[in-house]
Each structure stands twice: as C-alpha cells, then as structure tokens.
1. Kindly provide the set of residues from the stretch 33-47 that are within 12 Å of the chain's Cα centre (by Cα) and under 14 Å from ALA77 (Cβ atoms), ordered by number.
2. So in the stretch 123-163, with the set limited to residues that are among the small types (Gly, Ala, Ser) and farther than 13 Å from ALA104 by Cβ, which one is modelled with the lowest pLDDT?
3. Got a sec? Which of ALA77, ALA104 is part of a helix (DSSP H, G or I), in contact with a Gly (Cβ under 7 Å, 6 or more places away or on another chain) and either surrounded by fewer than 14 Cβ atoms within 10 Å (Cβ to Cβ) or in contact (Cβ under 8 Å) with a residue 12 or more places away in the chain (or both)?
4. Restricting attention to the stretch 128-147, which residues are closer than 23 Å to GLU34 by Cβ and surrounded by 14 or more Cβ atoms within 10 Å (Cβ to Cβ)?
5. Quick check: is even one residue across the stretch 69-91 at pLDDT below 85, in contact with a Phe, Trp or Tyr (Cβ under 9 Å, 6 or more places away or on another chain) and over 30 Å from PRO22 (Cβ atoms)?
Amino acid sequence: MPGTGGLEVLKAIGNGSAGWSPAVIVLTSFQEDERVIEAVRAGALSYLPKTTAVDQVVAAVRAAARGGSVFDPGTAALLVRQVRDGGRAGPLDVLSPRERDVLAGLARGRSNRQIARALGVGEETVKSHVSSILAKLHLTDRTQAAIFGLQQGLVPLDGALDE
C-alpha cells in the first residue's frame, strides 16, 4: 500500500477514528507472530495468509459478518500460546515450527543440504528459513544461530550432536 501499511490503516479504522468500525479480515503475506498479535489487537477479526483457498476466505467474510473470526491453524496456535502464556513470549516463540527445525539443524552443525534432506525440502527453502531465523533473532550468521539453538536446548549438550 503506497504511503502507508496495512497495520496503520487497521489501527486508524479499528479505533473508530474513521467514524465507523468495520469488520476487518487481514489477508497478508506476513506471518510473523508480532504482526499477527498487533493486527488482532488493532481489531482484525481474521488473519489469513494470501495463499488461503478462496472458500476459506469466503468463510472468513461470512464469519466476520456475524462478528466471528477465522484463523489458519498456525495463527490459531500462536494465539493460543499467547493466551496460555499470558503474552510472555519465549525467545523461540518468534520462529515458526519449521524455522525451529532448521535452527535445530544449525545447532547440530548441519549444512543446508543436510537440513534440506532431513526435512524433505529444497536447499533454497532452507536458505530462506535461515535468513528468516537470522532476521527474527537479530543474529548475524549461522554460527550465532547455532550457538543460540544450543543455548535454547534444541540439541542436548552431552557432546552427541550426531543424531
């Protein structure tokens, strides 16, 4: 959206400053935990990835018309964690389950090729996950990510990194 972002628009209309409070469904390519939480707090009834099937988007529109919400399973799990944990996020909570798998591979000293093979995905997918992990955790390289993964207990520190 030129000149502004969707969250800013949502905040503006969600607080009634537009003179009305519409039922809002967020359809986005961003799935980061902090964006989801911010959108829901700003008034979004549903938060769906752009890859959502048309029938599910229609179901979200119908639910919104009734004041209901629709979330994809990953977003629903995030919201459950937030409520269950009282909003206290752990250091790994910013990562998707697949990113945690990749981080565990890094902590084991695996190459992108080895991680890709173990997870049944392509090397480019692993590279994308590694970049996302580094950005989300504010780390500069794979070594820092591997150390972080070890510190978070993703791999036992008993010297047996070969699983």
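The values are calculated or read from the model by the stated rules, or taken from the named source; none is laboratory data. Every value quoted in this text rests on a predicted model; they were computed, and no experiment measured them. Don't worry about glycine lacking a Cβ; one is built from the backbone with ideal geometry, like all the others, and counts go over all protein chains shown.
1. Of everything in the stretch 33-47, those that are within 12 Å of the chain's Cα centre (by Cα) and under 14 Å from ALA77 (Cβ atoms) turn out to be ASP33, VAL36, ILE37, TYR47.
2. So the residue we want is ALA160.
3. On the way: ALA77 fails: in contact with a Gly (Cβ under 7 Å, 6 or more places away or on another chain).
Going through ALA77, ALA104 in turn, just one is part of a helix (DSSP H, G or I), in contact with a Gly (Cβ under 7 Å, 6 or more places away or on another chain) and either surrounded by fewer than 14 Cβ atoms within 10 Å (Cβ to Cβ) or in contact (Cβ under 8 Å) with a residue 12 or more places away in the chain (or both): ALA104.
4. Result: SER128, HIS129, VAL130, SER132, ILE133, LEU134, LYS136, LEU137, LEU139, GLN144, ALA145.
5. Looking through the stretch 69-91, at least one residue is at pLDDT below 85, in contact with a Phe, Trp or Tyr (Cβ under 9 Å, 6 or more places away or on another chain) and over 30 Å from PRO22 (Cβ atoms).
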